[in-house]
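Here's the structure we're looking at; comments come further down.
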Amino acid sequence: MGRSVESRVMPDLMKPIGPYSHYTKAGDFISISAIAGVDPATGDLVGDDVESQTVQILKAINAILEEAGSDWAHLLHVNVFLTDMSLFARMNEIYAGMLGDNRPARSVLEVRALPKAGALLTMNATAFEKP
């Protein structure tokens, strides 16, 4: 018997700008789509700086984790896509502060552009449900 896949778009997060869900879940495995630092109420970026965008992204990931029955301690991997690697240290400081002692595997890549105009970074993640 195969596993079913649940897809979810959360109404309190930025509206997806493409044909995808905020996350999918199969069993206790959770896959979170790339999130930009967007204010869900306005659809605009929360700011033009990496700090405010990083905070917003991590708040959105946390909300997804909570809804999916998970938390930071059950985060397996995070991908960070930066438009400029010179932003790494500033993003990293916010990231470390918000994740506390949790240290999931992580990749940080520089990309030429992102789908949301003006976005300096996006993040996607994988996690598993709390037992």
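Yes/no per residue for (1) touching a strand residue (DSSP E or B) at 6+ places or on another chain (Cβ under 7 Å); (2) among the basic types (K, R):
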| residue | (1), (2) |
| --- | --- |
| R8 | yes, yes |
| D12 | no, no |
| G18 | no, no |
| Y23 | yes, no |
| I35 | yes, no |
| V38 | yes, no |
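Kindly provide the set of residues from segment 1-17 that are over 20 Å from L82 (Cα atoms), part of a loop (DSSP other than H, G, I, E, B) and of a type outside the set (V, I, T), ordered by number.
M1, G2, R3, S4, M10, P11, D12, L13, K15
The rows are residues; the columns are (1) touching a Leu at 6+ places or on another chain (Cβ under 8 Å); (2) in a strand (DSSP E or B); (3) at negative phi.
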site	(1), (2), (3)
I35	yes, yes, yes
A41	no, no, yes
N62	no, no, yes
S70	no, no, yes
A73	no, no, yes
L76	no, yes, yes
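How many residues are surrounded by 12 or more Cβ atoms within 10 Å (Cβ to Cβ), part of a loop (DSSP other than H, G, I, E, B), in contact (Cβ under 8 Å) with a residue 40 or more places away in the chain and out of contact with any Asp or Glu (no Cβ under 8 Å at 6 or more places or on another chain) if we restrict to segment 18-33?
Just the residues of segment 18-33 that are surrounded by 12 or more Cβ atoms within 10 Å (Cβ to Cβ), to begin with: 20-26, 28-33.
After this cut, where a residue has to be part of a loop (DSSP other than H, G, I, E, B) as well, the list is 20-22, 28.
Right, trim to in contact (Cβ under 8 Å) with a residue 40 or more places away in the chain and you get 22, 28.
Next cut, out of contact with any Asp or Glu (no Cβ under 8 Å at 6 or more places or on another chain) only: 22.
The total comes to 1.
Out of segment 40-61, which residues are surrounded by fewer than 18 Cβ atoms within 10 Å (Cβ to Cβ) and out of contact with any helix residue (DSSP H, G or I) (no Cβ under 7 Å at 6 or more places or on another chain)?
Once the filter is applied, which keeps residues that are surrounded by fewer than 18 Cβ atoms within 10 Å (Cβ to Cβ) and out of contact with any helix residue (DSSP H, G or I) (no Cβ under 7 Å at 6 or more places or on another chain), segment 40-61 yields P40, A41, T42, G43, D44, D48, D49, S52, K59.
Out of all the residues in segment 89-131, which are surrounded by 16 or more Cβ atoms within 10 Å (Cβ to Cβ), farther than 22 Å from I17 by Cα and touching an Asp or Glu at 6+ places or on another chain (Cβ under 9 Å)?
Correct list: M91, I94, A127, F128.
For segment 79-95, which positions are over 14 Å from E110 (Cα atoms) and within 12 Å of the chain's Cα centre (by Cα)?
Residue satisfying the conditions is Y95 alone.
Picking from D28, D39, D48, which residue would you name as being in contact with a Phe, Trp or Tyr (Cβ under 7 Å, 6 or more places away or on another chain), over 13 Å from M98 (Cβ atoms) and charged (D, E, K, R)?
Checking each option against the conditions leaves just D28.
Computed from the coordinates by the stated procedures, all read-outs in this text should not be read as laboratory data. All values reported here derive from a predicted model rather than from experimental measurement. Cβ coordinates were reconstructed from backbone atoms using ideal geometry, including for glycine residues, and neighbour counts include every protein chain displayed.
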